[in-house]
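Everything on this sheet refers to the single structure shown next.
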Amino acid sequence: EALCAEVWFNELRLQQLDEKGGWAALARTDIKLADLGTLSLSGSARSRGFGTLEQRVNERSREDLYMADASLTLEAGKLLPKQWGIQIPLYASISQRSSTPEYDPYDLDIDLKQKIREAASDKRDSIRNDAQDVTTIKTVNLTNVKKMRPDGKKVLPWDVSNLDFSYSYIQTLSHNPLIEQDELRRTRGVIGYTYAPISKSVEPFKRFIRSNSKWLSLIRDFNFNYAPSQVSVRAD
């Protein structure tokens with residue numbers, strides 16, 4: 001009588017821990033554009049294996065992380081003729097955070113760089129892109145855009161200088177191993193009208209009460225305006 005047996009052996013090997021260190025860097029610069037505004041640039045990077053002296057090997061970074069940010073604050077109205085008197089405060093920024101893991105998020109026991117090297121050349125970019133966690137944020141703000149009123153000019157209800165405008169746009173675009181694309185766009189516009197005439201208050205009892213008595217001062221100083229001191233309307 002024939003006997004058949006099947007035996008499986010699991011190979012378990014323990015080698016020295018990978019204690020390869022990493023690196024980190026940080027840079028920032030602020031550029032002043034005369035009296036127009038300021039341009040700020042910053043960036044930071046951290047490689048896998050980076051950690052503090054107190055951290056153990058398995059507590060160190062397991063990803064390559066890169067962050068970049070650029071922002072511009074500008075008084076764009078100064079680029080227009082001065083006699084126009086236009087005020088255009090502008091703020092724009094773009095920032096990106098990119099994280100590449102050490103191990104492939106779909107094959108957790110395979111080094112991502114090794115998987116990319118062994119893949120076909122036409123698939124390497126897609127493998128890297130699918131494994132990354134990338135978030136990009138773009139922002140544009142125009143705040144209180146208006147035409148300034150010349151000094152000494154009488155305030156009239158129909159003056160263009162009574163109007164002000166604001167606009168903001170934010171786009172957030174991200175993808176990670178679980179989400180192919182996540183996009184959020186938020187747009188907001190505001191228009192306002194503010195009319196603040198110069199009105200003279202009426203003090204009806206001042207001419208009748210000449211005494212400096214502190215008891216009569218409340219009556220003597222009583223006053224009111226016969227017209228609104230401010231009219232304001234905003235639409236968002």
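The values are calculated or read from the model by the stated rules, or taken from the named source; none is laboratory data. These numbers were taken from a predicted model, which means no experiment stands behind them. Please note: Cβ atoms are built from the backbone with ideal geometry, for glycine as well, and neighbour counts cover all protein chains shown. Ligands, DNA and RNA are stripped out before the accessible areas are found, and what is left, the full protein with its side chains, is counted by its heavy atoms. Shrake-Rupley method; radii C 1.70, N 1.55, O 1.52, S 1.80 Å.
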Compute the length gained on full extension between I170 and D69: take 0.36 nm times their separation in residues and subtract their Cα-Cα distance, giving the result in nm to one decimal. 34.9 nm
Rounded to whole Å and sorted largest first, list the principal axis extents of the Cα atoms in the range 99-218. 99, 38, 21
Please list, in order, the residues from the range 76-114 whose amide nitrogen is less than 15 Å from a point placed 7 Å along the Cα→Cβ vector of R62. 100-113
Expected unfolding gain across K200-S42 under the 0.36 nm per residue rule, minus the alpha-carbon gap, is 51.6 nm
Can you show me the helix-derived [θ] at 222 nm for the chain, built from DSSP H runs with n ≥ 4 at -39,500 (n - 2.57) apiece and divided by the number of residues, rounded to the nearest 500. -2000 deg cm²/dmol
So if each residue of separation counts as 0.36 nm, and I subtract the Cα-Cα distance between Q181 and K32, what length gain in nm does that give? 50.0 nm
With every protein chain kept in place and ligands, DNA and RNA left out, what is the accessible area per residue of the range 101-236? Probe 1.4 Å, answer in Å². 76
With a cap of 12 neighbouring Cβ atoms within 10 Å, and only residues DSSP puts in a loop, list the chymotrypsin sites (Phe, Trp or Tyr not before Pro) found in the range 60-108. Y106
If each of K20 and A235 carries a label point 7 Å out from its Cα toward its Cβ, how far apart are those two points in nm? 6.2
Diffusion coefficient in µm²/s returned for the chain by Stokes-Einstein, Kirkwood Rh over C-alpha pairs, 4 °C and 1.567 mPa s, is 51
Nearest-0.05 FRET efficiency for W158 and F224, computed from C-beta distance (R0 25 Å): 0.40
